[in-house]
Amino acid sequence: MKTKNLKKPIVSILLVLLTGCGTSGPAPITGLETPSTNWEQDKSPYIISNWAFSEIPPGNFFHGHFPILPGQNSENPSGQDPYKSPSRTPEAREADYKIESFLAAPSNISNYNPKRKDSSFVFFHSVKRSKNDLDILLSAYIPFCPSGCYLGVKSEGKEQMIVPGESEDSSKPRIVVIPFQNEEVTLALQLFPFNGPRNMMENPVVGSFSEIQTVYLVKALRVLLFSSLEFFSFFFFAFIYIRRPQDKFNLSFALLNLSLAVWYPAYEGWFQYIVDSPWTWVIFGYSLGAFLPILFYEFTIGIFQAPRNIPGRILQFLFILLTIWPTLEYGLTGGHQYFGKVAFHIFLVILVFFYMNTLYIFFRYRWSSILSFRWVVTGLILVAVSSFYTVLSFAGFGQAQPWVNESFLGLTLLFSLALAKRYAEVFRALEKSEGKLKSLNESLETKVEERTQIIELQKAELVQKGRILAKDLSIAGKIQNALLPRELPVIPNARISYRYKPMMEIGGDLLDVIYDPSTSSLGMFIGDVTGHGVSAALLASMLKMTLGDWSILLQDPSSLLLHIRNQFEGKLDGHFITATLVTVDLRSGKTLIANAGHPECLVLRKGGVVEFYRPKGVAIYEAIPTSYQTESVDLQPGDKIVLYTDGIPDSRNTEGEFFGEDRLSDMLRKNSNQLPEDLCDSVIHGVQTFQGEFQNQDDIALLVVEYLG
């Protein structure tokens, strides 16, 4: 047979998208006249929705795909195909093929009951075409019919013959070739007896073979795409749940996607290609479909962070019963009579209360929604309305449309986008936090970020300013080092050594040594400006300039401290200065000590005894007027003067303990025989060892002078 190449995939695809995909079927019409379609090539394919209806009463049945009227059953007690029996004459076999023996008289449409379990139903429709189109091979797309169906074809003309359009009955969606090339053929579509609802998922489609192939492929690809996307969402959100198990709603959403990925192809009948059995439809079409609201509810309370209320628990329990019912009833009775008459209506009522409870959760906990409330409501209402419409179509109150089942895909896409947006925001927040931490680490390396607001600027600006500041600090450090004694005076009857370790590149500690040969007096000064970094270093530099040539005041240390206070009047800006000034007469060993709130001046005797001296005097602070006293002490050859800042006794270890004056005096006592140079190293090493990992907690300055006599 010649077949024209009439491929119109675009038209076929549009017809597929316009075809209902819910439980529906041929729409019967009343009267005895068979509805017909005038097939035209440029308008093909056709959705066949009007059919004449005929019922084969109980006791009549199909055998070999052809109806056997009463009286014929006795001829075939063994179940052998009567049309192939050699005992039948050609005339008898020819009579069996006539339309009068194939269809009973069409009944009134009011008597049509798709749930009548004992009768078979036949729907027929006539297809007419012109002589010019007779060489085109017609075919029909037969949708999924849960009860099983079969298509027979009758030719019109001189010889009205009926031939099987299929080799066997089936329930799966399929393509059936129409073998006749007559101008008119009648399609006879048989639904088999079933103890439960009997319909077709959608209307059959008639067209050229290539067009029906396109229809079939588009429907199959639509289901494949749907399931593929749902499977992908399942694996993706299962992976997210494994990574973040605290987000339980990810698990519920993953299982919901998995259930939809299995339910949809089963609902559309494509699982029948795996197992062509009513069990496939019962388990995956009914039971799994009733289980979807349970996962839907779990996901809803998860994203809204809502507690489990009593109505929700009751509804879940009822849905579990409805999940078990179809499979249990079919296993016990072989049908769905009670589910269709009783449980289905209960399911509708429960579904109404379920959506009412869902709406309550929407608006009661809308402010605690993890996802965007607009996205959540759009997705949930979409699937709620569409699923409710699908259930109504089961009851025969309408014909489901393509968007009904695809709304679940819309739900998946909406929530996937919403979840993706949420995780994108989380990742952006993490990236932002990592950027801030990175900036903080960079600023910590320069030790100046706590005194600046550069961290609040953009990364590029922070890096640029950090480089400039690092360069400035390097210069400031060199300047401050220049303020320290470059070369200690070489004095025959004294040894001098010091150590200075700022917390940052620059610090607020200051020490100085001056020698007046005219009076053989050695002056020692140590000071500490509160704070660290730039501000403290600037004040320390000002303190150095204030000292100037302080040799004229060596004989009156308290006056020198008062002079410093007067010079800093109105310039400290909240800071204060502690200082100790010591003058040693190298001819007699007489020593004068003045103190301005600084740690004690230690005298380390040659024998290892440590003496503490701290004359009366408070720190230099512009808001506190004060006077300073001078205390005198005599040194013996081998005695040492030890001056230090609070960075030494205030050092802490990993357990939070202070180094303290007691440890310092013990260390000095144990190392009293060392030279000043070695003694400085011993003290600094002891402090650093005590600190452990907590190095550079404060500026440290240490000055040791040994009197030789």
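Details
- Within the set TYR644, TYR613, the sole residue that is in the same structural domain as LEU543 (by TED's automatic domain parsing), touching a Cys at 6+ places or on another chain (Cβ under 6 Å), modelled with pLDDT of 90 or more and surrounded by 14 or more Cβ atoms within 10 Å (Cβ to Cβ) turns out to be TYR613.
- If you filter segment 102-138 down to residues that are assigned to a strand (DSSP E or B) and buried (at least 20 other Cβ atoms within 10 Å of the Cβ), you find that the one that is modelled with the lowest pLDDT is SER120.
- Test: residue in segment 257-269 that is under 30 Å from SER126 (Cα atoms), of a type outside the set (Phe, Trp, Tyr) and in the same structural domain as PHE415 (by TED's automatic domain parsing): yes
- Applying a threshold of 8 Å to beta carbon distances and a minimum spacing of six or more residues, or different chains, the list of pairs starting in segment 421-435 at a residue that is under 22 Å from PHE237 (Cα atoms) and ending at one that is modelled with pLDDT of 70 or more reads TYR423/ILE240.
- Condition check for PHE226: among the aromatic types (Phe, Trp, Tyr) and touching a residue at least 60 places away in the same chain (Cβ under 8 Å): yes
- For segment 599-608, filtering for residues that are under 20 Å from LEU522 (Cα atoms) and assigned to a loop (DSSP other than H, G, I, E, B) leaves 3.
- Given (1) under 30 Å from LYS43 (Cβ atoms); (2) part of a helix (DSSP H, G or I); (3) in contact (Cβ under 8 Å) with a residue 12 or more places away in the chain, index of the condition LEU217 fails: (3)
- Per this entry, ILE294 is not counted among residues that are modelled with pLDDT of 80 or more and either surrounded by fewer than 18 Cβ atoms within 10 Å (Cβ to Cβ) or basic (Lys, Arg) (or both).
- Residue within segment 619-634 that is among the acidic types (Asp, Glu), buried (at least 19 other Cβ atoms within 10 Å of the Cβ) and on the phi < 0 side of the Ramachandran plot present: no
- Yes/no for SER535 being modelled with pLDDT under 85, over 21 Å from LEU643 (Cβ atoms) and not basic (Lys, Arg): yes
- Hits in segment 541-551 - residues which are of a type outside the set (D, E, K, R) and over 17 Å from VAL584 (Cβ atoms): SER541, MET542, LEU543, MET545, THR546, LEU547, GLY548
Condition check ((1) farther than 22 Å from PRO278 by Cα; (2) of a type outside the set (A, V, I, L, M); (3) not in a helix (DSSP H, G or I)) across all residues:
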position	(1), (2), (3)
LEU315	yes, no, no
LEU322	no, no, no
TRP325	no, yes, no
PHE353	yes, yes, no
ASN357	yes, yes, no
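- If you go through segment 596-630 and keep only what is free of Cβ contacts under 8 Å to residues at least 60 places away in the same chain, of a type in the set (Phe, Trp, Tyr) and closer than 13 Å to THR578 by Cβ, you end up with just TYR621.
- Filtered residues of segment 32-50 (kept if crowded, with 21+ Cβ neighbours inside 10 Å and within 52 Å of the chain's Cα centre (by Cα)): SER44, PRO45, ILE48
- Apart from one condition, ILE320 fits all of (1) closer than 30 Å to MET201 by Cβ; (2) crowded, with 17+ Cβ neighbours inside 10 Å; the exception is (2).
- Residue match in segment 567-581 (condition: part of a helix (DSSP H, G or I) and either surrounded by fewer than 19 Cβ atoms within 10 Å (Cβ to Cβ) or over 60 Å from the mean Cα position of the chain (by Cα) (or both)): yes
- Count of segment 665-709 residues which are part of a helix (DSSP H, G or I), among the hydrophobic types (A, V, I, L, M, F, W, C) and in contact (Cβ under 8 Å) with a residue 24 or more places away in the chain: 7
- Some residue of segment 261-278 being farther than 28 Å from ILE142 by Cα, assigned to a helix (DSSP H, G or I) and among the aromatic types (Phe, Trp, Tyr): no
- Hits in segment 631-654 - residues which are within 15 Å of PHE612 (Cα to Cα) and assigned to a strand (DSSP E or B): GLU631, SER632, VAL633, ASP634, LYS640, ILE641, VAL642, LEU643, TYR644
- Counted residues, segment 202-214 - those being buried (at least 24 other Cβ atoms within 10 Å of the Cβ) and either at pLDDT below 90 or closer than 16 Å to GLU55 by Cβ (or both): 1
The values are calculated or read from the model by the stated rules, or taken from the named source; none is laboratory data. Since the model is a prediction, treat every value here as computed from it, not as a measurement. Backbone-built Cβ (ideal geometry, glycine too); neighbour counts: all protein chains shown.
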